[in-house]
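Engineer: Quick one: the structure is below, questions incoming.
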Amino acid sequence: MGLKASSCGKIWVLLVALLGGWCAVQAAPVPAPVARELEVGEQPTKSRDMLPAPELIRKSSGQTLAPEIMTLRIDENRTVQGSKSTWQVAVTGAPDESFVTAGFYAMQLGADFFPSNVVVNVNIRYNTESTGRLGTGQSTSTILIDEVFYQVAIAEAITGTNLNGNDFDLLLTIFVIQADGLKWYTGTDARPSLLEYDLVTVLLHESLHALFFSSLVNYRSPTEAGWSSFVMAFDAYLVSFTGCAIRGYLTEADNGFSEDIAKSVTNEDLYLGLPKTSADEFPQMYAPSEWIQGSSVVHYDLDYVSQVLGREDTLMQPAISAGFAQHTVGDQTTALMNGILGKISNAPVLCTPGTYGENQGCPDCVGSLSPAVFWVIIGCCIAFLLITVLLLLCCCTSCCGCGKKAPRKK
């Protein structure tokens, strides 16, 4: 028994709806992550200003300090000799020896990762304030080299010179009291329980912010963002989806700020202009539609880093939860550090002012569409046409007798 015209129409509507849903899923951008965010404070605009600290923010119920933590305080100073640099580490206010051990272990990881012929001076401070934060990390100053700001430790690594005497280079603060009742895991085996925050992970994360993973982008409003003076070295690698550096959108008339920069850092489509990953994409940065001071720009996108980048790069994601641990620095973060150590000589080409949204630097793009999205749309259109043609033929055959031979007269 053949299909009726009404049945054909229903099948057509159903198939088109299914196709449309699939196409929408394939072409849709990855949603912005919702999680506890790691904040980075406003950055300095002149040489040797102290960098406000990145902060891991959590809700606080104002829990009072435990008496035993208030009274037991341990200070210790030690030289940490790594495979790539030497760190002089001063620990102050540790609640117990396990916090001291975890602190030195985290700095050992840093000294094995960060190459420098100049001693890196670090102060780890354990704070008993109940602030709702896990920790902060900051560089004590910035150094201007060839009209680009570098945090002092990496500036010393570039120049091979001690640029701030006996001052600390990195200040790392850990807030011991957690109002949610969760505890710190001070072991060094990266195995915290689901009720513990991994201390080594937080210290290593904050130390990278203090070394080189920080921005000077100043977001004022949806129509105004940019830089008050010179950019941080990190900022030279911030690119649009087309691969050009967003700082190029500025003109002299903009006086350091423009709407194109504001759009670029809040369009969920910001990247790090480093060698592409195996997925043939630039590493995606955290750029939610609503600017989050201290979290936007200076972390990898949470969903992207877990799906595309290597496991180790999750160290620099914008959020951390109890039970999470990462004691290894990822390949993309290492590539960024090496680029900055090379005085950003491999930084991407600048965008042209007034070209926001165009396919500059992306010859394979079609308008503002990446090749992958473009071909998904084309494929869906072709599938839509094929479904329509096949159903028309089916209906014609069953309802109108199309294609049937006329009966011979007897």
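The values are calculated or read from the model by the stated rules, or taken from the named source; none is laboratory data. Please read all numbers here as calculations on a predicted model, not as lab measurements. All Cβ positions, glycine included, derive from the backbone under ideal geometry; neighbour counts span all protein chains shown.
Engineer: Tally up the residues in segment 221-257 that are free of Cβ contacts under 8 Å to residues at least 40 places away in the same chain, buried (at least 22 other Cβ atoms within 10 Å of the Cβ) and assigned to a strand (DSSP E or B), please.
Structural biologist: Adding up the residues that qualify gives 1.
Engineer: Taking only segment 336-361 into account, find how many residues are surrounded by 16 or more Cβ atoms within 10 Å (Cβ to Cβ) and small (Gly, Ala, Ser).
Structural biologist: So the answer is 3.
Engineer: Test each condition in (1) farther than 21 Å from ALA236 by Cβ; (2) of a type outside the set (S, T, N, Q); (3) part of a loop (DSSP other than H, G, I, E, B) for LEU163 and report the one that comes out false.
Structural biologist: (1)
Engineer: Anything in segment 148-194 that is out of contact with any strand residue (DSSP E or B) (no Cβ under 6 Å at 6 or more places or on another chain), closer than 17 Å to PRO115 by Cα and surrounded by 20 or more Cβ atoms within 10 Å (Cβ to Cβ)? List them, or say none.
Structural biologist: Of everything in segment 148-194, those that are out of contact with any strand residue (DSSP E or B) (no Cβ under 6 Å at 6 or more places or on another chain), closer than 17 Å to PRO115 by Cα and surrounded by 20 or more Cβ atoms within 10 Å (Cβ to Cβ) turn out to be ILE154, GLU156, ALA157.
Engineer: Show the residue pairs meeting these rules: Cβ distance below 9 Å; 6+ apart or different chains; first residue within segment 116-136 and in contact (Cβ under 8 Å) with a residue 40 or more places away in the chain and surrounded by fewer than 21 Cβ atoms within 10 Å (Cβ to Cβ); second residue of a type in the set (Phe, Trp, Tyr) and part of a strand (DSSP E or B).
Structural biologist: Hits for this filter: VAL119/TRP87; ASN127/PHE175; THR128/PHE175; GLU129/PHE175; SER130/PHE175; THR131/PHE175; GLY132/PHE175.
Engineer: Another question, if that's okay. May I ask you to say which residue of LEU194, LEU211, LEU134, LEU199 is under 22 Å from TYR286 (Cα atoms) and out of contact with any Lys or Arg (no Cβ under 9 Å at 6 or more places or on another chain)? Can you show your working first?
Structural biologist: On the way: LEU194 fails: under 22 Å from TYR286 (Cα atoms); LEU134 fails: out of contact with any Lys or Arg (no Cβ under 9 Å at 6 or more places or on another chain); LEU199 fails: under 22 Å from TYR286 (Cα atoms).
Going through LEU194, LEU211, LEU134, LEU199 in turn, the sole match is LEU211.
Engineer: Might you check whether a residue that is part of a loop (DSSP other than H, G, I, E, B), among the aromatic types (Phe, Trp, Tyr) and buried (at least 18 other Cβ atoms within 10 Å of the Cβ) occurs anywhere in segment 81-103?
Structural biologist: Taking segment 81-103 and keeping what is part of a loop (DSSP other than H, G, I, E, B), we get 82-85, 95-96.
Next, only the ones that are among the aromatic types (Phe, Trp, Tyr) stay: none.
No, every residue in segment 81-103 fails to be part of a loop (DSSP other than H, G, I, E, B), among the aromatic types (Phe, Trp, Tyr) and buried (at least 18 other Cβ atoms within 10 Å of the Cβ).
Engineer: Hey, could you check segment 293-316 for residues that are modelled with pLDDT under 90 and either part of a loop (DSSP other than H, G, I, E, B) or hydrophobic (A, V, I, L, M, F, W, C) (or both) and say which is surrounded by the most Cβ atoms within 10 Å (Cβ to Cβ)?
Structural biologist: Ranking the qualifying residues of segment 293-316, first place goes to VAL305.
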